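Asks: Pasting in a structure now, in structure tokens, and then I'll have a few things to ask.
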């Protein structure tokens, strides 16, 4: 899976604009390079960082941040399509919000009985293991992600300008079907 994870990280780097530094005043992320925000870099380094620190961020450090802070929480997911969706979801919304979306779907279909808390731990993994139709689960999580984008734009109307791009990003994720029977509509 390590090669697959590296490939997923490379695809995120491309979606995030590679080594382009941005500091769009209308983007709540603030200074960003490789898709890594100033806040994410400060968390990684364990100290405050400046916009210049973000601008100087090297690719190998960005990859390490993605691997530890955005991929690692979900590496127990065996389904590669769902893993990549959750990883990208975490990059855009944070790992906690991504895990909440998955827990919400698992709870809705009756497999997750605990509180939706954004911790993709043992109970979440056990619930995920019960899913019979990963394709339907995958698309339900995609819908949760689109709703998260729309709620975010609703709370911060200046971000409505990004909504089309966010929706297009979400649409890039398609389920790779393992067999013809995976296309059913029921998650249970």
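Asks: Could you tell me the relative contact order of region 1-75? Use alpha-carbon pairs under 8 Å, at least six residues apart, and round to a whole percent.
Replies: Computed over region 1-75, the figure is 24 percent.
Asks: Pairs of alpha-carbon atoms within less than 8 angstrom and 6+ residues apart define the contacts here; what relative contact order does region 33-149 have, in percent? Walk me through the intermediate numbers first.
Replies: Numbers: 94 pairs, mean separation 21.9, N = 117.
For region 33-149, the relative contact order is 19 percent.
Asks: Note down the Stokes-Einstein diffusion coefficient of the chain in µm²/s, whole number, using a Kirkwood radius over alpha carbon pairs, 20 °C, and 1.002 mPa s. Don't skip to the end; give the middle numbers.
Replies: On the way: Rh = 17.3 Å.
D = 124 µm²/s.
Asks: Using R₀ = 25 Å, calculate the FRET efficiency as 1/(1 + (r/R₀)^6) where r is the Cβ-Cβ separation of residue 47 and residue 68; round to 0.05. Spell out each step's value before the answer.
Replies: Numbers: r = 16 Å, r/R0 = 0.66.
Taking R0 as 25 Å, the efficiency between residue 47 and residue 68 is 0.90.
Asks: Apply the a/c threshold of 1.5 to the C-alpha gyration tensor of region 1-75 and tell me whether it is rounded, prolate or oblate.
Replies: Values: a/c = 2.04, a/b = 1.53, b/c = 1.33.
In terms of gyration-tensor shape, prolate.
Asks: Quick check: the angle from helix 80-93's long axis to the longest principal axis of the chain, C-alpha only, nearest 10 degrees?
Replies: Taking Cα atoms only, the helix is inclined about 40 degrees.
Asks: Still on this structure, I have one more. Taking a ≥ b ≥ c as the square roots of the eigenvalues of the Cα gyration tensor of region 78-188, is the shape rounded (a/c under 1.5), prolate (a/b larger than b/c) or oblate?
Replies: Numbers: a/c = 2.10, a/b = 1.37, b/c = 1.53.
Here region 78-188 falls in the oblate category.
Asks: Taking the chain as the reference, fit the longest principal axis to its C-alpha atoms, fit the long axis of helix 2-15 to the helix C-alpha atoms, and give the angle between the two in degrees, 0 to 90, nearest 10.
Replies: With both axes taken from Cα atoms, the answer is about 60 degrees.
Asks: Any idea how far apart residue 76 and residue 143 come out in nm if each label point goes 7 Å out from Cα toward Cβ?
Replies: 2.6 nm
Asks: Angle between the Cα long axis of helix 95-108 and the longest principal axis of the chain, 0 to 90 degrees, nearest 10?
Replies: 20 degrees
Coordinate-derived values only; no laboratory data. Everything numeric here is computed off the predicted structure, so don't read it as measured data. In this analysis, Cβ positions are derived from the backbone assuming ideal geometry, glycine residues included, and neighbour counts consider all displayed protein chains.
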